């Protein structure tokens, strides 16, 4: 079993929130805090203004090298139901679902987003998983971002671009502790503290006709 690395002390959400407030980023005001026991989850509507979100979506859609990743499910390898690209600093190697991912270089369009998140959340993000959901049939199953290289209490900053999708969380042990929210274009969802230890999350399929959605989950790979 691989040893779980320790997340830096400043990664606790109370400090993250305090440091963010001190950065005077107007988009970090008016956060919606999800009432979930044992979790630190906040949603920031309009973190990216619509025009900026539109431009970023179209740039990333055209410039990122999108691939179908192979994942292990119930003991066999299958195609993931979405397109993806792992991006980060050279040392940010990530193992997910039995597959080792070497990071692609940062596209210029993501550098300013990364710098803004690092500045306002006071957390040194060194990687991002970009997912492209082509329509409502593309999805993400129940999981936690709890790989050892993410540390014990990782901060995950998730930026949504494009079509609005439902996002679900459920407690690992308490069936009553669950929540479903919508993630609109330009919104930022931040999960920290013991969220990954206590909860799983998913992006369910839907039969509703939907356009494309890009999700960017920024994180720090520890070594």
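Using just the Cα positions, wrap region 62-180 in a convex hull and report its mean projected area in square nanometres, one decimal place. Walk me through the numbers on the way to the answer.
Numbers: hull surface 35.6 nm².
Taking a quarter of the hull surface, the average projection is 8.9 nm².
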**OP:** Take 161, 48 and order them by how many other Cβ atoms sit within 10 Å, fewest up front.
**Re:** 48, 161
Subject >> Point-to-point label distance, residue 164-residue 35, nm (Cα→Cβ direction, 7 Å offset) >> reply: 2.2
Original post:
Fewest first, what order do 120, 51 take by the number of other Cβ atoms within 10 Å?
Top reply: 51, 120
Original post:
What is the distance, in nm, between label points placed 7 Å from the Cα along the Cα-to-Cβ direction at residue 68 and at residue 50?
Top reply: 3.5
Original post:
Mind listing the Cα extents of region 141-223 along all three principal axes, in Å, largest one first?
Top reply: 39, 31, 17
**OP:** Would you please give the FRET efficiency between residue 180 and residue 77, computed as 1/(1 + (r/R0)^6) with r the Cβ-Cβ distance and R0 = 22 Å, to the nearest 0.05?
**Re:** 0.15
Original post:
Using alpha-carbon pairs under 8 Å, 6+ residues apart, how would you state the relative contact order of region 23-92 in percent?
Top reply: 18
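If you wrap a convex hull around the alpha carbons of the chain, what volume per residue comes out, as a whole number of Å³?
Numbers: hull volume 28.1 nm³, N = 223.
Cα convex hull per residue, to the nearest whole number: 126 Å³.
Please give the calculated 222 nm ellipticity per residue for the chain, where each DSSP H segment of at least 4 residues contributes -39500 (n - 2.57) and the sum is spread over every residue; nearest 500 deg cm²/dmol?
Working: 4 runs with 42 residues, N = 223.
Helix-only estimate at 222 nm: -5500 deg cm²/dmol.
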Original post:
For 86, 142, what ranking results if the residue with the fewest other Cβ atoms within 10 Å of its Cβ goes first?
Top reply: 142, 86
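All of the numbers you see were taken from the coordinates with simple rules; none came from a lab. Only a predicted model underlies this, so the values are computations on that prediction, with no experimental measurement involved. Glycine also receives a Cβ, built like all others from the backbone with ideal geometry; neighbour counts cover every protein chain displayed.
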